[in-house]
Every structure is written in structure tokens, then in C-alpha cells.
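A.B. asks: Take a look at this one; I'll ask things after.
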Amino acid sequence: MSMFDLKPRELAPVHRRPKRWYEQFFPLTGTQIIGSSIAALGRNERVERERKDPASLAQIGSLEVRIAQTASEVRRAQQLRYEVFYEEMSAKPDPRASRTKRDADEFDPICDHIIVVDHDETEGLSARPKIVGTYRALRADVAHACNGFYSSAEFDLKSMLAKNWEKGFCELGRSCVLPPYRDRRTMEALWVGLWVYAILYDIDVYFGVASFEGTNPDVHLEALSLLHHTASPPQNWSACARTDVGVTIQYLEQDSLNQRQIVQDLPPLIKGYLRVGAYVGDGAFVDHQFGTTDVMIVTLIDQIPDRYKQHFVQATGLDRKN
């Protein structure tokens with residue numbers, strides 16, 4: 001089976017719930033402010049924005065989170081990915097990536113590229129604001145119309161999608177941030193941007209792979225065991241490593257684990273997902289090209305702890321009346 005084994009015909013028809021999770025932040029009619037932009041919410045409709053810069057999602061200090069709008073911005077995001085995955089970490093470039101110094105694949109043209117730019121730093125001869133972080137977002141409506149999700153090559157998504165067919169799904173991937181920006185402020189900006197992106201595009205669920213460094217799952221057995229015992233999803237949200245390509249983990253007993261130390265040593269991205277209540281699927285996939293051991297992360301936006309929801313609301317200005 002190929003990367004494109006998850007075909008549109010295998011998925012239930014897309015249906016929208018009559019009441020959306022984000023209605024707690026909006027009246028059913030009228031307008032609210034998202035940052036410096038106006039968002040109109042009609043009954044049973046997704047948010048539509050009228051603003052000067054429709055690509056901008058959020059801004060915290062000098063950091064702006066936005067959707068890449070030009071081929072140049074996408075290429076710069078791909079260059080950042082190459083710098084992090086291939087030059088800093090242990091990914092193995094193919095001849096094209098080695099020549100172009102960009103991380104790119106066949107999913108890039110159908111994804112939104114969410115970028116973090118620092119307006120206090122510039123790059124290039126045109127002195128453009130520097131791109132310091134990026135996420136790749138593939139919404140279900142796009143994936144269904146094309147050839148499925150990237151992570152379906154590693155994890156079996158069919159059960160999760162079929163049992164929750166009425167939800168709005170979006171796959172996140174290729175997450176990376178330059179070393180000087182791997183701090184709380186950048187992660188906060190990214191999460192606020194993803195929160196607004198979810199409102200704009202009717203998203204209920206973010207999912208995708210997150211990685212441990214290295215291709216030996218046994219090195220991460222204690223961490224994988226702790227995630228299994230403390231962050232496993234309910235049955236209707238299970239997403240397991242594919243039996244034909246994944247790795248079955250023989251988990252350790254929870255009582256034998258030093259939870260405090262394990263959590264402290266978790267990769268920052270996985271730790272961040274756990275803070276907002278994400279689930280971790282069963283099993284793992286060893287990605288030899290990128291030199292990682294991957295796990296599936298499922299984040300139900302409506303179940304994000306209230307303290308984070310309120311923080312996102314305040315950061316985006318959703319609590320201010322127009």
C-alpha cells in the first residue's frame with residue numbers, strides 16, 4: 001500500500017454540526033474582533049474575515065503567525081525545514097533536496113504553510129521579516145479531494161475518521177522552529193495562530209505525528225510507556241501504527257517509571273501537546289529518512305483545558321466587542 005492508500009471513497013461524507021465548539025466565544029450573529037481584524041460569525045456558518053491582511057493569524061510582540069501567501073514564502077519555509085531537519089538533525093536528503101537545500105514533498109502544494117515571522121529580524125536582499133518557525137496544515141476537505149493524509153503512510157486513521165465523521169479534521173506536520181526561538185513565546189504565538197486557524201476553517205481536531213530523535217524505539221521505551229499509560233485516547237479516537245510498517249511496543253509497567261524525570265526529558269513539541277490535553281496513539285513508526293521515531297498525536301480542541309482557551313481568547317482579542 002502506498003502513501004496514498006487512504007482514498008476519499010473510504011471516508012464518510014463531510015457533515016457540519018449545527019453547533020460549533022467556538023460558539024462559546026461568539027454570539028450566533030454579529031461580529032467579534034480577532035486581533036486587528038473583524039470576524040463575522042453567521043448561524044451554522046464558519047467564520048469569515050474582512051480585513052486588511054487575510055493571511056495574518058496572530059501577533060505576539062514582534063512575532064507574527066500567518067499563512068504563507070506566495071511561492072517565495074513557501075520556499076523560505078521549506079528552506080527552514082531543511083536547515084532544521086537535515087543540517088541540524090539527522091534527516092537524509094535525496095538528490096533534489098541536496099541540490100535545492102529545501103525540504104519539499106508532494107503534499108506541500110495542497111497544504112497551508114503556517115509561518116512565524118520575526119519583524120525585528122530581516123533576511124535577504126529585500127530585508128524581508130525573517131521566518132523563524134513553520135507548521136504544515138492539511139485540512140480534511142482538501143485531503144479528501146486529493147489522496148488522503150501524509151500520516152496515513154505511518155498510522156491507521158480509518159477508524160478514528162469513520163467514528164468521528166462529523167468532526168472537522170486537520171493534519172499538522174513538518175513543525176520546526178529555529179534554535180534561538182525555541183522558547184515559550186514562540187510556542188505561545190504558534191498555538192494562538194492555530195487556535196484562530198481552527199476557528200476560521202471549522203476545525204475540531206488537530207492530529208499528526210510528533211517525533212523522538214533516533215530510529216531505535218527501545219531508547220525511548222520508558223517515555224513511550226508513560227505516554228501509553230497516561231495519554232492513550234478513548235477507543236473512538238484510537239489511531240494505531242500500521243501493522244505493515246509500524247512498530248509494536250512492549251510497554252513497561254507504569255509503577256516502574258520515574259514520571260517526573262521522563263516528562264522533563266520529553267521532546268518540547270510532545271510536552272506542549274500534552275499540556276493542552278492531547279492524546280497519543282498506540283505504537284510507533286520508525287522514519288529512517290528523518291532519523292526519528294514517530295508517535296500519533298490527536299488534539300481535540302473542545303477538550304483543551306479552560307485556562308488555555310481563555311488565554312487564547314485574550315491573546316486574539318475574541319473577548320472584545322466590535
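A.B. asks: For Asp103, what residues show an amide H to amide H distance below 5 Å, using hydrogens built from the backbone and excluding near sequence neighbours?
C.D. replies: Gln79, Arg81, Tyr82
A.B. asks: Turning to a different aspect of this structure: Between rounded, prolate and oblate, where does region 170-244 land on the alpha carbon gyration tensor, with a ≥ b ≥ c its root eigenvalues, rounded for a/c under 1.5, else prolate if a/b exceeds b/c?
C.D. replies: Oblate shape, in that a/c is at least 1.5 and b/c is the bigger or equal ratio.
A.B. asks: Using the Cα atoms as the points, what is the convex hull volume per residue of region 51-109 in Å³? List each step's numbers first, then the result.
C.D. replies: Working: hull volume 6.6 nm³, N = 59.
Cα-based convex hull of region 51-109, divided per residue, equals 112 Å³.
A.B. asks: Related question: Find out how many positive minus negative residues lie around Trp195, taking Lys and Arg as positive, Asp and Glu as negative, among other residues whose Cβ is under 11 Å from that of Trp195.
C.D. replies: On the way: positive: Lys309; negative: Glu188.
Taking every Cβ under 11 Å from that of Trp195, the sum is 0.
A.B. asks: Evaluate Rg over Rh across region 188-322, taking Cα atoms for both radii and Kirkwood's formula for Rh. Show your work: numbers first, answer last.
C.D. replies: Values: Rg = 16.3 Å, Rh = 16.1 Å.
Ratio value, two decimals: 1.02.
A.B. asks: Excluding ligands, DNA and RNA, what is the solvent-accessible area per residue of region 96-138 at a probe of 1.4 Å, expressed in Å²? Write out the running numbers ahead of the final one.
C.D. replies: Numbers: 2040 Å² over 43 residues.
That works out to 47 Å² per residue.
A.B. asks: Ranked by accessible surface with a 1.4 Å probe, highest first, in what order do Ser126, Ser159 come? Working shown, then result.
C.D. replies: On the way: Ser126 80, Ser159 45 Å².
Of Ser126, Ser159, the descending order of accessible area is Ser126, Ser159.
A.B. asks: Right, next: Would you kindly find the accessible area of Lys163, with a 1.4 Å probe and non-protein molecules such as ligands, DNA and RNA excluded, rounding to the nearest 10 Å²?
C.D. replies: Roughly 100 Å² of Lys163 is accessible to a 1.4 Å probe.
A.B. asks: Which shape class applies to region 238-290: rounded if a/c is under 1.5, otherwise prolate when a/b exceeds b/c and oblate if not, where a ≥ b ≥ c are the square roots of the Cα gyration tensor eigenvalues?
C.D. replies: It is prolate, given that a/c is not under 1.5 and a/b is the larger ratio.
A.B. asks: Between Leu57 and residues 5 or more places away or on another chain, which pairs have amide H atoms under 5 Å apart, with H built 1.01 Å from N, and which residues are they?
C.D. replies: Excluding prolines and chain starts, which carry no amide H, the hits are Val65, Arg66, Ile67.
A.B. asks: To continue, here is another question. Looking at the P(r) of region 123-273, how many percent of alpha-carbon pairs lie beyond 27 Å?
C.D. replies: Details: 3747 of 11325 pairs.
For region 123-273, the share of Cα pairs beyond 27 Å comes to 33 percent.
A.B. asks: How much FRET efficiency would the formula 1/(1 + (r/R0)^6) give for Glu88 and Asp302, where r is the Cβ-Cβ distance and R0 is 35 Å, rounded to 0.05?
C.D. replies: The value I calculate is 0.50.
The values are calculated or read from the model by the stated rules, or taken from the named source; none is laboratory data. Model, not experiment: these values are computed from the prediction. In this analysis, Cβ positions are derived from the backbone assuming ideal geometry, glycine residues included, and neighbour counts consider all displayed protein chains. Keep in mind that these areas ignore ligands, DNA and RNA; they rest on the heavy atoms of the full protein, side chains included. Shrake-Rupley method; radii C 1.70, N 1.55, O 1.52, S 1.80 Å.
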